[in-house]
Amino acid sequence: MKNAVIGNNKQKANLIVLGAVPRLLYLLQQEISSTELKTECAVVLGSLAMGTENNVKSLLDCHIIPALLQGLLSPELKFIEACLRCLRTIFTSPVTPEELLYTDATVIPHLMALLSRSRYTQEYICQIFSHCCKLRHWHSCGFKSSPQPLLCANGPDHQTVLFNHGAVQNIAHLLTSASYKVRMQALKCFSVLAFENPQVSMTLVNVLVDGELLPQIFVKMLQRDKPIEMQLTSAKCLTYMCRAGAIRTDDTCIVLKTLPCLVRMCCKERLLEERVDGAETLAYLIETDVELQRIASITDHLIAMLADYFKYPSSVSAITDIKRLDHDLKHAHELRQAAFKLYAALGANDEDIRKKIIETENMMDRIVNGLSESSIKVRLAAVRCLHSLSRSVQQLRTSFQDHAVWKPLMKVLQNAPDEILVVASSTLCNLLLEFSPSKEPILESGAIELLCSLTQSDNLALRVNGVWALMNMAFQAEQKIKADILRGLSTEQLFQLLSDSDVNVLMKTLGLLRNLLSTRPHIDQIISTHGKQIMQAVTLILEGEHNVEVKEQTLCILANIADGTTAKELIMTNDDILQKIKYYMSHSNAKLQLAAMFCVSNLIWNEEEGSQERQDKLRDIGIVDILHKLSQSSDPNLCDKAKTALQQYLA
């Protein structure tokens, strides 16, 4: 059987269909089977697992994993190695759930104990660990970070389980093994253990192997004379330790070793997988550090080198290999998404770098094409790249305008999955800033409707972005746009947002209201239609348990209403609100006192009709006494504001 199936997928499928798997598993588990027989069974099963994904599914359906794990309790090393090799093959298949390694709590400690048995047990066990230590993938956040998805709630994650069973101590010494395969698998283990994990990373920094610290060993492994796979994996280990806070971003092992090594991986001599991995890891390394972004942008002409990701999917060395060329064409989209990700990270903060990226040949066209690609990964990465570049006022006024970027962006926003929507709507927020020429055409293309629908999303980041974009849209806008926003949102929805449990949503909604209620005719117009509801909301917020910023914004909205011509009356006839203004004038927080005084100043301003009656009413409720007190305040702002207000009474 073994000789028939090796390298022959058709024969493998035949044997599985004929029911060989349950029989092999039966023999494997029989007490009376000899070690040789059991070992041969494990070898044949391992060969079947090497076939297609369907083969692996058939093996899993026959409960092969518990049988093989049971086999690891045998005293016979040859049989243990055969079981481990088969387990390794099964666990490296994408169809195998990693959880199967963790269902029985005795498995991990037993595997740790088997690490010392032979170089094969070391190689296979490290390989199993690195494939069964799954974590969420990193999501680049921008300006507006999206909340991290939480780990599943069923107990500790894989990294913690392995860490608590001594993975670091048991695997560290394998980095100096005589076998390259063992060294490599141990290195891969450390990269998955350290990823986004401060606990593991902080431990790794201080581990000694043969008198040398782990980071120093990793640095040796990323020297140019080492195999590429080894260079890349050790660069990942150092990158992940750095991002988890265990190594400083200005440490020489990052600036002079890790970063240049990752840039080398991006050159067109490297294979497609290496270029993808190199660019994505580099993007992750520099994502949150301006200095590293600047260094990377001037290392080896990286920005120009990434332009080749769009032109030459195959590496120079692979041109003669027809199979390789075919493979690379099929996977060229992976290069494009890696390039977009790295451009996004490079341009996250620095204006000059953004300018360099945009001046790279056909860059804006490439992004626009990326936005409509069939691969969701490319679309997401292109939107991220666009978002990163949209933080530049200069670019919003020029390149973004020349390429009418808003058109494909609006298209992306139609029924996209949430993770794309979050970044695309963040980008839209930036395109709607008042200095951006794209604002007009975006409005004409039905953006208000789209943004109003985002504010109703269950996804918090989308609600924030929807309101944020509307707030930017309402800034210094004409009356018609403001009316459209209010119509699109509906009063119910506005109140829903004002009672949102998230403070960001609340702050942006108050910002939106404040922008809607600016310039007199607009204030009077909106208050005449929505006055009652707005005052209700203001009352609720001022009475609720909110932070200073929220209450300050709310008092500023009142001050805007007090600036209206007819709108003033709404405050003057509302004793409850007047008492609240009085209360906040004597508040312990100076910001709130100032905001309350703006309301008073706008109500008593002399030149305006009816100012005498308003002044009298405010005097009667004791506001003037408070103003006298405040004119003696040690805070110069409060003191000035109080004196100015009192002058209105004397005039």
* Please report the relative contact order for the range 538-611, taking Cα pairs under 8 Å with a sequence separation of at least 6, and give it as a percent rounded to a whole number. => 33
* Structure fact -> The orientation-averaged projected area of the Cα convex hull of the range 506-638, in nm², is 7.7
* Residues with beta-carbon under 13 Å from that of residue 493, excluding residue 493: net charge, scoring Lys, Arg +1 and Asp, Glu -1? -> -1
* Asked: Is the range 408-496 best put as rounded, prolate or oblate by its Cα gyration tensor, with a ≥ b ≥ c the root eigenvalues, rounded for a/c under 1.5, and otherwise prolate when a/b is larger than b/c, oblate when not?
  -> oblate
* Obtain the nm distance between the two label points defined at residue 637 and residue 206 by a simple spin-label model: each point lies 7 Å from its Cα along the Cα-to-C-beta direction. => 4.5
* Before anything else, pin down the relative contact order of the range 287-368: Cα pairs under 8 Å, at least 6 apart, normalised by residue count, whole percent. => 39
* What whole-number value in cubic angstrom gives the convex hull volume per residue for the C-alpha atoms of the range 306-393? -> 86
* Can you grab the distance from the C-alpha centre of the range 396-415 to the C-alpha centre of the range 300-354, Å, no decimals? => 23
* Can you list the GluC sites (Glu not before Pro) in the range 358-441 that are in a DSSP coil and have 13 or fewer other beta carbons within 10 angstrom? -> 359, 361, 434
* To do: Please compute the net charge surrounding residue 553, taking Lys and Arg as +1 and Asp and Glu as -1 over other residues with Cβ under 13 Å from its Cβ.
  => +2
* Structure fact -> Checking the range 256-336 for GluC sites (Glu not before Pro) in a loop per DSSP with at most 15 other beta-carbon atoms within 10 Å yields 269
* Structure fact -> Links exceeding 19 Å between C-alpha atoms in this model, out of 236/341; 580/643; 356/439; 582/643, come to 580/643; 356/439
* Output the direction-averaged projected area (hull surface divided by four) of the convex hull of the alpha-carbon atoms of the range 266-330, in nm². => 4.4
* In the range 198-300, what trypsin sites (Lys or Arg not before Pro) fall in a loop by DSSP, with at most 13 other Cβ atoms inside 10 Å? -> 224, 248
* For the range 66-128, go through all pairs of different Cα atoms, get the mean of 1/r, take its inverse, and jot down that Kirkwood value in Å. => 11.7
* Long pairs among 311/355; 38/134; 268/407; 134/377; 482/568, criterion Cα-Cα beyond 25 Å -> 38/134; 268/407
* Expressed as a rounded percentage, what relative contact order does the chain have, with Cα pairs under 8 Å and six or more residues apart? -> 5
* Asked: Among all helices in the chain defined by DSSP H, which have a length of 24 Å or more along the axis from Cα atoms plus a Kyte-Doolittle mean of at least 0.0?
  -> 520-543
* Structure fact -> From the Cα centre of the range 150-209 to that of the range 493-528, the distance in Å is 50
* Asked: Where the centroid of each part is defined by its Cα atoms, how far is the range 59-82 from the range 429-474 in Å?
  -> 57
* Structure fact -> The Cα extents of the range 585-651 along the principal axes, largest first and rounded to whole Å, are 32, 20, 17
* In 5 Å bins starting at 0, how do the alpha-carbon pair distances of the range 420-556 split up by percent? -> 2, 11, 22, 24, 21, 13, 6, 1, 0
* How would you classify the range 198-259 from its alpha-carbon gyration tensor, with a ≥ b ≥ c the square roots of the eigenvalues: rounded for a/c under 1.5, else prolate if a/b is greater than b/c, otherwise oblate? -> oblate
* Asked: Which value in deg cm²/dmol, rounded to the nearest 500, describes the helix-derived mean residue ellipticity at 222 nm for the chain, given -39,500 (n - 2.57) per DSSP H run of n ≥ 4 and division by the residue count?
  -> -20500 deg cm²/dmol
* Could you state the orientation-averaged shadow area of the convex hull built on the Cα atoms of the range 540-579, in nm² to one decimal? => 2.8
* Asked: Taking the Cα-to-Cβ direction at residue 608 and at residue 2 and moving 7 Å from each Cα, how far apart do the two end points lie in nm?
  -> 9.4
* **Largest-first ellipsoid semi-axes for the range 222-292, taking √(5λ) over the Cα gyration tensor eigenvalues, angstrom** => 19, 12, 10
* Structure fact -> In terms of the alpha carbon gyration tensor, root eigenvalues a ≥ b ≥ c, rounded if a/c is under 1.5 and otherwise prolate when a/b exceeds b/c or oblate, the range 176-309 is oblate
* Structure fact -> Stokes-Einstein D for the chain (4 °C, 1.567 mPa s, Kirkwood Rh from Cα pairs), in µm²/s, comes to 44
* With all protein chains present, calculate the accessible area of residue 546 using a 1.4 Å probe and round the result to the nearest 10 Å². => 70
* Quick one: putting +1 on the C-beta of Lys and Arg, -1 on the C-beta of Asp and Glu, what dipole do you get for the chain around its Cα centre, in Debye to the nearest 20? -> 1640
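The values are calculated or read from the model by the stated rules, or taken from the named source; none is laboratory data. What you see is a predicted model; the values in this text were computed from it and never measured. Positions of Cβ are generated from backbone atoms using ideal geometry, with glycine treated the same way; all protein chains shown enter the neighbour counts. Accessible surface is based on the protein model in full, side chains and every heavy atom, while ligands, DNA and RNA are left aside. Shrake-Rupley method; radii C 1.70, N 1.55, O 1.52, S 1.80 Å.
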